[in-house]
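This report refers to the structure that appears directly beneath it.
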Amino acid sequence: MSQYLLAVHAVDGDAPLEPEVIEQMHADVAAFNAEVRTAGAWVFAGGLYPPDQATVVRSQDGRVTTTDGLFARSKQRLSGMWIIEAPDMDAAVAWAAKGAAACRGPVEVRPFGE
């Protein structure tokens, strides 16, 4: 089995979700997480704090510098992820479709390098 990153993306500036929609989304994601675990595909998952909580670290010639915020400034940002095990890309895409429905956002599928 190969491992895949299912990266959840958000777009800054989208209309905020109503509290009851957020509550249902959390329940749907929890149900999806349980399904992934039961299927034995679970490796790791987590949501991320907003971009203003990010720090970029650079090291060059033995000197370390840090910068507040995201590495790349964009309206689109990574907001969470799952790392799963799946037999192939088609199976990973099938999991991503369920994850996208649960979290109500686009999910990028990317295989890990061998």
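General remarks:
- If you go through the stretch 5-49 and pick out every residue that is more than 15 Å from the chain's Cα centre (by Cα) and without any contact (Cβ under 8 Å) to a residue 60 or more places away in the chain, you end up with 16.
- Filtered by the rule that a residue be closer than 14 Å to Leu78 by Cα, in contact with an Asp or Glu (Cβ under 9 Å, 6 or more places away or on another chain) and of a type outside the set (A, V, I, L, M, F, W, C), the stretch 1-49 gives a lone residue, His9.
- Of the strands (runs of 3 or more DSSP E) lying entirely inside the stretch 27-114, those containing at least 3 residues that are exposed (fewer than 10 other Cβ atoms within 10 Å of the Cβ) span 55-60, 63-68.
- Residue count for the stretch 102-113, restricted to those that are of a type in the set (A, V, I, L, M) and over 13 Å from the mean Cα position of the chain (by Cα): 0
- Of all residues in the stretch 1-26, those satisfying the criterion of being part of a helix (DSSP H, G or I) and either among the basic types (Lys, Arg) or over 27 Å from Glu85 (Cα atoms) (or both) are Pro19, Glu20, Val21, Ile22, Glu23.
Every read-out reported here was derived from the displayed coordinates using simple, explicitly stated rules and does not represent laboratory data. Since the structure is predicted, the reported quantities are computational estimates derived from the model, not experimental observations. Glycine gets a Cβ as well: all are built from the backbone with ideal geometry, and neighbour counts include every protein chain shown.
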